[in-house]
Amino acid sequence: MDTSKQKKAQQADASQTVHWADEYAQKVIREKGDKEIYTSASGITPSGTVHIGNFREIISVELVVRALRDMGKKVRFIYSWDDYDVFRKVPKNMPKQDELEKYLRFPITMVPDPWERDSSYARHHEVDVENTLPIVGIFPEYLYQAERYSSSRYAQGINRALEHRDMLKNILDKFRDNDHKIQGEWWPVSVFCSFCNKDATIITGWDGEWVVSYRCNACGFSEDADIRTAKGIKLNWRVDWPMRWEYEKVDFEPAGKDHHSQGGSFDTARNICKEVYGWDAPVTFQYDFIGIKGSVGKISSSSGAVVSLGDVLRVYTPEVTRYLFAGTKPNSEFTISFDLDVIKIYEDYDKTERIAWKMEEAKDENTYRRERRIYELSQPETDPDGKTLPLESRTPPFQMPFRHFCNLIQIADGDADKAIAALPPAPDGPAPDQIPALHSRALCAKYWVENCALDEFRFKLRCAGERASLPDAEVTAIRLLRDEVISCIETFTEDKPCAEAVYGIAQKAGIDSKAMFRAAYQALIGKDQGPRLANFLRSIDKQRLLDILADY
């Protein structure tokens with residue numbers, strides 16, 4: 001390779017490693033070799049509301065999947081619903097607590113939906129996620145473990161675990177201290193009783209081939225069950241995980257730091273996968289926990305402890321939601337905010353967007369490439385092959401700061417469509433194809449103001465002719481403001497000259513600027529403080545301002 005071609009190749013390679021997802025994609029290719037198709041996996045037990053912490057794993061996998069596809073690789077992205085797990089506890093935020101308690105120790109798929117919307121409790125939570133993920137551009141292939149186990153799809157894997165149960169026991173014990181090693185007879189499987197459906201069973205024997213014998217302590221039923229046809233036999237989860245890695249030929253799957261602790265479930269699974277099932281464990285990384293900051297108002301569960309992806313999407317647009325994760329390394333703990341930090345997060349996203357589109361200059365080339373890649377991965381839309389869409393194929397953005405949108409929404413009395421309709425047409429305002437993105441942000445601003453923002457951030461314009469109780473000097477100032485500034489508000493094309501005119505009114509009325517601003521806010525919204533006054537005045541319809549101040 002000549003020098004120029006080598007340099008171009010190095011530059012192309014560098015352009016693909018500015019983001020952690022690209023680094024892990026390259027690691028998958030390096031460690032798993034050149035394959036026709038790579039399999040990336042994620043999964044969760046739908047034992048309750050699937051919260052935003054669970055979503056971190058889903059999107060972490062999706063970002064690496066997209067990076068692999070951007071490198072020209074075919075990828076199978078599977079998401080396992082572990083809905084054949086035991087219903088162990090009724091979450092506090094679930095309705096019909098007493099009814100649900102009757103189904104403890106049942107498979108989750110056999111627990112009825114307390115909302116009576118879906119076929120089961122498990123399916124209800126699955127549907128909530130499956131209907132929401134497309135909004136953020138995530139389209140995995142769903143695997144339902146209840147169906148796969150009950151159809152005996154894993155019969156060979158179960159049989160192999162039984163054949164190697166002594167080896168499995170030794171692997172598990174290798175990572176345990178003496179006080180926690182397995183005592184007595186141990187089996188790598190559990191059974192849901194085919195009579196009462198509970199997992200309160202004891203394995204009493206195995207014939208060395210396909211028949212497992214068990215007795216149920218809950219109802220007394222006993223049975224010799226054939227692994228190849230029985231519906232209720234499943235592997236213990238520490239064995240189930242590596243068995244499925246081999247079955248699905250998984251190349252990449254991250255896990256939380258609890259699973260990645262030394263001697264934790266990932267360590268045991270890695271050993272089991274190789275020694276029992278003959279498959280190398282997938283490339284992985286550890287992702288950290290997510291905190292919640294600020295009151296989430298109506299979007300919290302009754303316990304106040306669970307926030308779902310759907311809840312987050314009420315405050316953050318799909319792009320900004322993805323940005324929260326694409327812009328943070330997975331092994332870094334971070335907080336999703338619902339307080340005033342929301343405004344800062346939108347500002348950070350907007351800056352990344354400006355740099356990506358070269359509306360703002362980055363401090364250096366590396367910063368530009370990093371910010372552009374974060375922005376690309378933050379966009380939900382991809383091409384038909386699941387690759388990142390180049391900026392050149394996208395609609396350039398029309399930026400409207402989130403804080404300003406919050407003001408516009410309140411000026412429009414909570415009507416998002418009205419707030420957008422009040423914007424000037426292009427080129428000073430948005431073009432028609434830029435409206436959908438603005439509408440999405442407007443709805444988030446509306447929700448945040450109404451449900452999450454502090455009271456001092458909220459306001460409502462007074463009705464026409466409704467007067468504030470003000471000292472005479474301030475009444476004079478308001479009258480001058482109306483007649484000399486608002487009457488010609490359209491002549492102020494920027495905030496600065498409008499602000500200077502307001503200061504001039506204060507001087508003319510013989511009051512200080514602080515009193516001037518307080519009087520203006522009292523006259524307009526009945527508060528001592530409010531949004532930046534010049535911009536506020538310029539954002540409100542002129543006739544509406546004149547009507548509000550008509551009686552001064």
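In the full protein context, the chain carries 47 Å² of accessible surface per residue, based on a 1.4 Å probe and ignoring ligands, DNA and RNA.
Taking the Cβ-Cβ separation of GLU365 and GLN529 as r and a Förster radius of 51 Å, what is the calculated FRET efficiency to the nearest 0.05?
On the way: r = 43 Å, r/R0 = 0.85.
FRET efficiency, GLU365 to GLN529: 0.75.
The tail of the calculated P(r) for the range 1-160 beyond 18 Å holds 67 percent of all Cα-Cα pairs.
For THR204, the residues 5 or more places off, or on other chains, whose built amide H falls under 5 Å of its own are SER213, TYR214, ARG215.
Phi-derived couplings, Karplus 6.51 cos²θ - 1.76 cosθ + 1.60 at θ = phi - 60°, listed residue by residue for the range 283-291: 4, 9, 8, 9, 10, 9, 7, 10, x Hz, with x used for Gly and Pro. Taking 25 Å as R0, compute the FRET efficiency from the Cβ-Cβ separation of GLU347 and ASP541 and round it to 0.05. After rounding to 0.05, the efficiency reads 0.40. Can you give the relative contact order of the range 116-204 as a percent, counting alpha carbon pairs under 8 Å and 6+ residues apart? With pairs under 8 Å counted, the relative contact order is 15 percent. Between the Cα long axis of helix 495-509 and the first principal axis of the chain there is an angle of about 50°, rounded to the nearest 10. Solvent-accessible surface (1.4 Å probe) assigned to SER47 amounts to roughly 50 Å².
Label-to-label distance, THR395 versus TYR247, with points set 7 angstrom from Cα along the beta-carbon direction: 4.4 nm. Panel values: the range 303-390, Kirkwood radius from alpha carbon pairs, Stokes-Einstein at 25 °C and 0.890 mPa s, translational diffusion coefficient 173 µm²/s. Across MET167, MET71, MET243, the residue with the most accessible area heads the list, and the full order at a 1.4 Å probe is MET167, MET71, MET243.
Carbon and sulfur: what percent of the chain's accessible surface (1.4 Å probe)? Carbon with sulfur: 48 percent of the solvent-accessible area. Hey, with R₀ at 45 Å, roughly what FRET efficiency would GLU130 and ALA422 work out to, going by the Cβ-Cβ distance, to 0.05? Calculated transfer efficiency: 0.75. When you filter the chymotrypsin sites (Phe, Trp or Tyr not before Pro) in the range 63-129 for DSSP loop state and at most 16 other Cβ atoms inside 10 Å of their Cβ, you are left with TRP115. Between ASP339 and ASP415, the contour length at 0.36 nm per residue exceeds the Cα-Cα span by 25.2 nm. Label-to-label distance for LYS27 and ALA218 is 4.1 nm, based on points extended 7 Å past Cα in the beta-carbon direction.
Cα-based values for the range 177-333, radius of gyration first and Dmax second, are 21.1, 58 Å. Relative contact order of the chain, taken over Cα pairs closer than 8 Å and 6 or more residues apart, is 12 percent.
Which peptide among 247-254, 280-287, 222-229 comes first, and what is the full order, when sorted by highest mean count of other Cβ atoms within 10 Å?
Working: 247-254: 21.8, 280-287: 20.0, 222-229: 15.5.
For the peptides 247-254, 280-287, 222-229, the packing ranking is 247-254, 280-287, 222-229.
A Stokes-Einstein calculation at 4 °C with viscosity 1.567 mPa s, built on the Kirkwood radius of the range 66-150 over Cα pairs, returns a diffusion coefficient of 89 µm²/s.
Pulled fully out, how much extra length does the chain show between GLN507 and ASP113, if you take 0.36 nm times their separation in residues and subtract their Cα-Cα distance? Contour length minus Cα-Cα distance gives 135.1 nm. When the Cα convex hull of the range 512-552 is projected onto planes of every orientation, the mean area is 2.9 nm². Between 0 and 90 degrees, the angle of helix 435-451 with respect to the longest Cα principal axis of the chain falls at about 90 degrees. If you bin every alpha carbon distance in the range 14-66 into 5 Å steps from zero, what whole percent lands in each bin? Each 5 Å bin holds this share of Cα pairs: 4, 17, 24, 20, 15, 10, 7, 3, 0. For the chain, CYS273, CYS406, CYS444, CYS452, CYS463, CYS488, CYS498 stand unpaired, since no other cysteine beta carbon lies under 4.7 Å from theirs. If you fit an axis through the alpha-carbon atoms of helix 402-411 and take the longest principal axis of the Cα set of the chain, what angle between them do you get, 0 to 90°, nearest 10? With both axes taken from Cα atoms, the answer is about 60 degrees. Over the range 138-256, the ratio between the Cα radius of gyration and 2.2 N^0.38 Å evaluates to 1.14.
The values are calculated or read from the model by the stated rules, or taken from the named source; none is laboratory data. This one's a predicted model, so the numbers in the text were calculated from it and none came from an experiment. Counting neighbours? That spans all protein chains shown, and the Cβs are built from the backbone with ideal geometry, glycine included. Accessible surface is based on the protein model in full, side chains and every heavy atom, while ligands, DNA and RNA are left aside. Shrake-Rupley method; radii C 1.70, N 1.55, O 1.52, S 1.80 Å.
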